[in-house]
Amino acid sequence: MGSDRRPADKVTTFRALHVPGQPLLMPNPWDAGTAKLLASLGFAALATTSSGHAGTLGRLDGSVDKAEALAHAASIVAAVDVPVSADLEDGFADDPDAVFATVTDAVAVGLAGCSIEDFGGDPDPSIYDAKLAAERVAAAAQAAGTGTGLVLTARAENFIRGNPDLADTIARLQAYQQAGADVLYAPGLRDFSDIRSVVTSVDRPVNVLVLPGLATVAELAQAGVARISVGGAFSQVALAALTRAGRELLDDGTYGFLDLAAEGRKQAITAFRDR
């Protein structure tokens, strides 16, 4: 069952969990069931994943609209007792006023946090001009301070969009800090020295995305990282396990996947039992 805790209490809890050097491990469920399962394992906060959510609809990342994303986030908020942050992509708009409206709606859903990225535009998405990107974060920050509020994460997308420009990434994160972001995030960073440079160049908690070759949690803690998330990775693990099971049945006619199924069934009983 979900929590009766007030949204404001969850926001306060979520904000307090961001401690540089003691990173919050924040996994990304893709539906209410996986949210309940991850919470049952002991994770203190969760975040939605745009790619994982899109996958549940049989789509690729970037194809979910604002209404779908907020409804999805609301279903996860209702399912668990822990704070939930939402991946709101580019705010589903270019214009700062429209981003303000998106984050205002996110506050009303009861989220403890949300993220806004600086990559978007239709029909040809690209990295937003730095000035416009900062204005968009400022609008999001203004909305994040209304009502019960929420913790705003501002994302600089350079590294994950094929433009590994560290200097520009740091300059953008510094601008987003000045614009009012609570947490800063440059998905795609892998090099330990780059991560340390980002952490030491800003005065806000920094989130790092898990990627192949990334330093361990303990090493990232030493660098002063405050939060670590997995993006769509867990949902992709689930898809891979399903694919392997399907291939085994189709190609080999065997049932080795039942061992993993038994493990999953046991965890589901633990996670989904009414408390």
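Laboratory data are not the source of any read-out in this text; all were calculated from the coordinates shown. This one's a predicted model, so the numbers in the text were calculated from it and none came from an experiment. Cβ sites come from the backbone with ideal geometry, for glycine too, and all protein chains shown count toward neighbours.
The residue pairs whose first member lies in the stretch 15-30 and is on the phi > 0 side of the Ramachandran plot, whose second member is buried (at least 16 other Cβ atoms within 10 Å of the Cβ), and whose beta carbons are closer than 6 Å, counting only pairs six or more residues apart or on different chains, are 21/221; 21/224. The requirement of being touching a residue at least 40 places away in the same chain (Cβ under 8 Å), of a type outside the set (Asp, Glu) and assigned to a loop (DSSP other than H, G, I, E, B) is not satisfied by residue 153. Only one entry of 168, 203, 118, 191 meets the criterion of being among the acidic types (Asp, Glu), under 20 Å from the mean Cα position of the chain (by Cα) and closer than 27 Å to residue 21 by Cβ, and that entry is 118.
Listed here are the residues, each with its yes/no results for (1) buried (at least 18 other Cβ atoms within 10 Å of the Cβ); (2) in contact (Cβ under 8 Å) with a residue 60 or more places away in the chain; (3) not in a helix (DSSP H, G or I).
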residue: 211; (1), (2), (3): no, no, yes
residue: 220; (1), (2), (3): yes, yes, no
residue: 225; (1), (2), (3): yes, yes, yes
residue: 228; (1), (2), (3): yes, yes, yes
residue: 231; (1), (2), (3): yes, yes, yes
residue: 235; (1), (2), (3): yes, yes, no
residue: 239; (1), (2), (3): no, yes, no
residue: 242; (1), (2), (3): no, no, no
residue: 249; (1), (2), (3): no, no, no
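The number of residues in the stretch 97-108 being surrounded by fewer than 19 Cβ atoms within 10 Å (Cβ to Cβ) and either closer than 16 Å to residue 121 by Cα or of a type in the set (Ser, Thr, Tyr) (or both) comes to 3. Look at the stretch 166-188: where a residue is over 10 Å from residue 204 (Cα atoms) and a partner is of a type in the set (Asp, Glu) and surrounded by fewer than 21 Cβ atoms within 10 Å (Cβ to Cβ), sitting 6+ places away or on another chain with Cβ atoms under 9 Å, you get 166/191; 166/194; 169/194; 179/135; 186/194. Taken together, the residues in the stretch 190-209 that are of a type in the set (Asp, Glu) and not in a helix (DSSP H, G or I) amount to 2.
Residue check: is residue 144 among the small types (Gly, Ala, Ser), closer than 23 Å to residue 214 by Cα and surrounded by 20 or more Cβ atoms within 10 Å (Cβ to Cβ)? For residue 144, the condition - among the small types (Gly, Ala, Ser), closer than 23 Å to residue 214 by Cα and surrounded by 20 or more Cβ atoms within 10 Å (Cβ to Cβ) - is not met. In the stretch 91-141, the residue that is farthest from residue 208 (Cα to Cα) out of those that are of a type in the set (Phe, Trp, Tyr) and in contact with a strand residue (DSSP E or B) (Cβ under 7 Å, 6 or more places away or on another chain) is 128.
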